[in-house]
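The structure appears below as structure tokens.
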Amino acid sequence: MENRLDAKGKIQYPCVWLYKIIGIEREKVEKALHDILAPKENIKINFSNISKKGNYLAFNVEVKVKNEQQRNSIYIKLKEHQDIKMVL
């Protein structure tokens, strides 16, 4: 992943931003991610982990963002989606 911070610790755009996504059903989470994060060439989705009891799935999602507004907008859309339980 490219360095996103400048010498003063500020985010340099464009950059690749990592979101950690928690959900319950893999297919529904993946569909939500593709619906929210189109076009596909700007995203990378990797299954990360499953909870001990198998109730929750975690995904690492890398998205190329142009600016802070886009980064925050994506976060809000992910957080508000019914098939996504948590966004970190």
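The values are calculated or read from the model by the stated rules, or taken from the named source; none is laboratory data. Quantities reported herein were computed from a predicted structural model and do not represent experimental measurements. Here the Cβ positions follow ideal geometry from the backbone for every residue, glycine too, while neighbour counts run over all protein chains shown.
See the values below:
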quantity: Matching residues, segment 40-65, being without any contact (Cβ under 8 Å) to a residue 60 or more places away in the chain, among the charged types (D, E, K, R) and closer than 19 Å to E30 by Cα; calculated: K40, E41, K44, K64
quantity: Residues located in segment 29-47, provided they are out of contact with any strand residue (DSSP E or B) (no Cβ under 7 Å at 6 or more places or on another chain) and surrounded by 15 or more Cβ atoms within 10 Å (Cβ to Cβ); calculated: I36
quantity: Segment 66-82: number of residues that are closer than 14 Å to I21 by Cβ and either touching a residue at least 60 places away in the same chain (Cβ under 8 Å) or of a type outside the set (F, W, Y) (or both); calculated: 8
quantity: Test result for A58, over 21 Å from R4 (Cβ atoms) and surrounded by 14 or more Cβ atoms within 10 Å (Cβ to Cβ); calculated: yes
quantity: Which listed residue is in contact with a Lys or Arg (Cβ under 6 Å, 6 or more places away or on another chain), closer than 19 Å to E80 by Cα and at pLDDT 95 or above, from I22, I36; calculated: I22
quantity: Residue in segment 15-22 that is loosely packed, with under 10 Cβ neighbours inside 10 Å and farther than 12 Å from K64 by Cα present; calculated: no
